[in-house]
Amino acid sequence: METILNAKVYVGTYHKFNNSNLKGDWINLNEHSNLESFYDECKRLHNNEFAPEYMFQSHENIPNGFITECSIDKRIFDLIDKNYNFSEEKQRAFYVFLDNYDFKDSDYAQDIIDMFDDKYVGYYKSNYEFGYDLVDTYLGINNIEFIENYIDFKKLGEDIIKQGYVRQFEGYYFNNY
């Protein structure tokens, strides 16, 4: 399951790469509490070079926008730390959220978590299930089975998405306000 709790980076150096050497190693981000600790591990790994320039040649379970070939976003460590408190479903939803939204205007990990809490609606297997839950939750109809003959729940779910009120990624639904 993709979650940031399993985030890891393959760290080499530009010097080695430019000399046809891909020697490096995988570093698990959840073993580090902050960016400084991560870079200390990189220094230890490449202690045979003077002033190494780190190259992040590959990565797993790091959402889009949080890593480049030569940098890693310091907020990822706080996000990993806070992710331990989430259920498995919420961990996966959080990863999907991070992978599909832009956080350049958020300086702190807590702002991103607050945004997730505001936007996350839930996981649904289909637009029908989403539409059904909308009616059940927000209209408070006691006998929802009665109105199943009058409402196309699938169409309702699709229309909510098409109108831009909600975004859906991999079955995870997020408010779009």
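In the stretch 2-21, the residues that are over 24 Å from Lys82 (Cα atoms) reach residues that are among the β-branched types (Val, Ile, Thr) with C-beta atoms within less than 8 angstrom, at least six apart or across chains, in these pairs: Val11/Ile27.
Taking the stretch 6-26 as the search range and keeping residues that are part of a loop (DSSP other than H, G, I, E, B) and more than 14 Å from Ile72 (Cβ to Cβ), which one is nearest to the chain's Cα centre (by Cα)? Only one residue tops the list, namely Gly24.
Would a scan of the stretch 128-140 turn up a residue that is of a type in the set (Val, Ile, Thr), open to solvent by 50 Å² or more (accessible area, probe 1.4 Å) and under 21 Å from Gly157 (Cα atoms)? The answer is yes; a qualifying residue exists.
Scanning the stretch 1-17 for any residue that is exposed (fewer than 13 other Cβ atoms within 10 Å of the Cβ) and within 21 Å of Leu98 (Cα to Cα) turns up at least one such residue. Open to solvent by less than 50 Å² (accessible area, probe 1.4 Å), farther than 30 Å from Asn85 by Cα and at pLDDT below 95: does that describe Phe146? Spelling it out, it is not the case that Phe146 is open to solvent by less than 50 Å² (accessible area, probe 1.4 Å), farther than 30 Å from Asn85 by Cα and at pLDDT below 95. On the stretch given as the stretch 66-120, residues that are open to solvent by 10 Å² or more (accessible area, probe 1.4 Å) and within 10 Å of the chain's Cα centre (by Cα) total 6.
Here Lys125 meets each of (1) surrounded by 11 or more Cβ atoms within 10 Å (Cβ to Cβ); (2) at pLDDT 95 or above with one exception, condition (1). Selection of the stretch 40-55 for residues being within 30 Å of Asn85 (Cα to Cα) and either open to solvent by 60 Å² or more (accessible area, probe 1.4 Å) or touching a helix residue (DSSP H, G or I) at 6+ places or on another chain (Cβ under 6 Å) (or both) yields only Asp40.
The values are calculated or read from the model by the stated rules, or taken from the named source; none is laboratory data. Predicted model only: the values in this text are computed from it and were never measured. Quick reminder, even Gly has a Cβ in these numbers, built from the backbone with ideal geometry, and neighbours come from all protein chains shown. For accessibility, only protein heavy atoms count, side chains too; no ligands or nucleic acids. Shrake-Rupley method; radii C 1.70, N 1.55, O 1.52, S 1.80 Å.
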